[in-house]
1. Measuring from label point to label point, each 7 Å out along Cα→Cβ, what is the A:Ser186 to A:Asp312 span in nm?
2. Does anything in region A:57-89 have its amide N under 18 Å from the 7 Å Cα→Cβ label point of A:Arg34, and if so which residues?
3. Once both labels are modelled 7 Å past Cα along the beta-carbon direction, what's the A:Ser42-B:Asn176 spacing in nm?
4. Using a Förster radius of 56 Å, what is the FRET efficiency between A:Thr151 and A:Asp378 based on their Cβ-Cβ separation? Nearest 0.05, please.
5. Dipole of region A:179-441, Cα-centred, from +1 at each Lys and Arg C-beta and -1 at each Asp and Glu C-beta, to the nearest 20 debye?
6. Past 27 Å, Cα to Cα, is the threshold; run A:Lys325/A:Lys369; A:Lys345/B:Lys159; A:Lys369/B:Lys226; A:Lys194/B:Lys172; B:Lys172/B:Lys226 against it and keep the listed order.
7. Is there a quick way to get the dipole size of chain A? I mean about its Cα centre, with the Cβ of Lys and Arg at +1 and of Asp and Glu at -1; what is the value in debye to the nearest 20?
8. Mind checking the dipole of region A:376-448: about its Cα centre, +1 per Lys or Arg Cβ, -1 per Asp or Glu Cβ, Debye to the nearest 20?
Amino acid sequence: MFAPILLAVSLFTRSLILVFGLMFGPQLAQAQLRVDITQGHSKPLPIAVLDFASDQTSVTEQNLSRSIAGVIRNNLANTRLFTLTPTETMIKSFLALDRVPNFENWRIIGAQAMVHGRVEQRADGSISVGFRLWDSFREIQMHASEYSANTSAWRRIAHIISDAIYSRLTGEGAYFDSSIVYVAESGPADMRIKRLAIMDQDGANHRFFTDGSATVLTPRFSPTKREITYLSYSSGVPHVYLYDIGTGRREILGNYEGITFAPRFSPDGNSLIFSQSVHGNSEIFIVNLHNRQRRRLTNNNAIDTSPSFSPDGSRVAFNSDRGGKPHLYVMNADGRNPARISFGKGAYTTPVWSPRGDLIAFTKQRGGKFYIGVMRPDGSQERLLSQSYLEEGPTWSPNGRVLMFFREFRDGSGAKLYSVDLTGFNLREVPTPGDASDPAWSPLKPLK
Amino acid sequence: MFLCPGEVLWGFAGRFSAVIYEFSGFDVKIFRKNVTTTHAFRTDYMHMHCYRQNIHRHPAKTILLNFKETIMNLRAHWITLAGTALVLSACSTSPQEDTTTDIATSGEAHTSQISTTSTVSTDSSVSSPVILPGSMEDFTLNVRDRVYFDFDRYDLSAKATETLDTQVRWLKRFGNVRIVIGGHADNRGTREYNLALSERRAQSVHGYMVGLGIDPDRITVIAYGKERPAMIGNNEEAWQENRRAVTKIDIN
């Protein structure tokens, strides 16, 4: 009937995950099942995600199955691009991975796409998780893979499978297998305790990096290493620091005069771009992280801050009030040809270049309100995605489809993280254990 | 340890000092400008720096952490320096003994300064002996410690320069005192821009003082952005209160 072909795709991460593709015939048809995510209000795609283990398997496998399917369902549902078929309406909640679904059963309950899988625990304590994604109307397999890893990595496998389903059905890049670093807040408003914290994109695996003895702000991930740059008041005066997630080692960027702030990595991870303010004049500098050689990119009496590299590293967007009010500017990476790109009414700050390069996200302030918006790098096609009493600091999902930022509230209740699709739809609070600000989205975790 | 009568509680909402009058409960009694007001003790008062009478500084935490434990069932009555009676009964250590010890080790406690100053006791009702000239308490009580700015501005108003003139006069009198100028912004701006703006504000004060002859080596500038509001609130009054540069005695 069909012959499974095992494809070794790649070997990944230090936790030794093996990735295989499982291919079933018949092959993909031209007209594919597809979620159009450029239209935020388009009808969500009904999808059924079955359990990954039958009730005949071990308790461990059944628990893993529940957990993995749960993470996948949660990821897909949070996008609001999909509606998950309730398991109660399914004729069966498990289908062996080597069986072809009876598509008629899935069409009846409206599931246009259907996912089934298998989790197996091996003698050495590792697990193997395979899954298939089907188009139940065209009766074709759209994707199949199998992953092996330490049991402790089950959550990452669930995110990677979610990414595969999302990417296959939307045509967009992956983003579920990523982390958020942010500033966890507590205490009274005039003496906030601020700690660096990290969590998975869906809020799991939450932990703190700093103890709160010094105020920390504006963390950002390195694009290439498990490293973070951020601002800390630990010396009393605000300065830029580097933090190695693996070793926990902390290091001040340099012994610089005045204050240093607003750090971001360059796309190759070799340099850091940041602001230094001395005698009331903040300028943008770039420093090579290997030899610590520093170069000034702006030379202007105005405030120049919040630099952000274009993903190809050729240009830098930044914030300046050289025109009288805070506006967005773009210059070459060597500081030449600075040009203003925002011309709307109000103040524009915190430009952040999309990982796809096509857009710059920003914070806009006008008429007592704050907005999160995007514009093309030439300043055209400004679109506002969200507005409230106070919101700022957008950060892009690795695929450039979702923005996260934080809000504060007029009633004084604590700051919270929010995300919104590039379409302006699916605005939702990102749950954190306590108050939260200054989110930064990591790149996709590496598959080695 | 409890708050002792006679201890100076400094930086009440950043605006004035208070001396503990009585420690017996959970209300905060403030006597200021001849008006007594009673406030419920708020947890956000916790960060206030606390100074023992006649003594140099006491980190607020020491005292206030103990407060945390007792806050739920105690009532504290505080009164400003204008209070006439200092009730000493609740104090476990003698303020007199502490005074002797700390003054002996304090570089700022020169008798010559005490004799030359006239800044203490500007109000006849203030009990002058508790304030050490050239100390942070002295500065806070007798010199306006902050100047205010307009939205997204860092230039000094006439009123601001008037305030800074008195600060400069004080700093010239106590030439060995180092200061920290903290620049602040309201929350109607984004974090990084406000850091830069608050640094500019602090530097405006720095530049003005240096222009009047204060040695720049005596001054440290810190930009706080919108991280340390003086007034909690989301209204014009709070925003104005928070757009400021505050001069503090450098206790390090």
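1. 4.7
2. A:81-82
3. Going by the 7 Å Cα→Cβ label model, 7.6 nm.
4. Details: r = 50 Å, r/R0 = 0.89.
The pair A:Thr151/A:Asp378 has a calculated efficiency of 0.65.
5. Numbers: 31 positive and 26 negative charges, 90 e Å.
Dipole magnitude for region A:179-441 comes out near 440 debye.
6. Details: A:Lys325/A:Lys369 16 Å; A:Lys345/B:Lys159 32 Å; A:Lys369/B:Lys226 17 Å; A:Lys194/B:Lys172 38 Å; B:Lys172/B:Lys226 31 Å.
The answer is A:Lys345/B:Lys159; A:Lys194/B:Lys172; B:Lys172/B:Lys226.
7. Values: 49 positive and 41 negative charges, 146 e Å.
The dipole magnitude comes to about 700 debye.
8. Working: 9 positive and 10 negative charges, 81 e Å.
With Lys and Arg at +1 and Asp and Glu at -1, about 400 debye.
Quick note: the coordinates plus some simple rules give every number you see, no bench work behind them. Not measured: the values here are computed from a predicted model. So basically every Cβ, Gly included, is an ideal-geometry build from the backbone, and we count neighbours across all protein chains shown.
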